[in-house]
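Here's the structure, in structure tokens; my notes come after.
Derivation of every value follows stated rules applied to the coordinates shown; laboratory data play no part. Only a predicted model underlies this, so the values are computations on that prediction, with no experimental measurement involved. Every residue, glycine among them, receives a Cβ derived from its backbone with ideal geometry; neighbour counts consider all protein chains shown.
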Amino acid sequence: MASLLRPVPEYIECPNCNSEVEIWSDEEEAICSNCGALIVREKRLSCLEWCRYADKCRELIEEARRGGDTSGI
């Protein structure tokens, strides 16, 4: 859940030129700086889409974004 509050860089290999492409955890696509190809991240479900406690987490995330207490995260 931390990556929902503070996105982190991830690295994907460009299928066009095999260069390493940086894509942030909250992004779905990036442009390869080597060849200009559009890299689309494989869709994966967030825990907010399947977890039965997702509503509680959404509340905590919104509170944290507003500068509230994040000790429950």
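Points worth noting:
- On the beta carbon distance between Val8 and Glu49, with R0 = 22 Å, the FRET formula returns roughly 0.70.
- Radius of gyration and maximum dimension Dmax of the stretch 1-64, Cα, Å: 14.7, 42
- Under Karplus coefficients 6.51, -1.76 and 1.60, residue-wise ³J(HN,Hα) of the stretch 24-39 in Hz, glycine/proline x: 7, 4, 9, 10, 9, 8, 8, 10, 5, 6, 7, 10, x, 5, 7, 9
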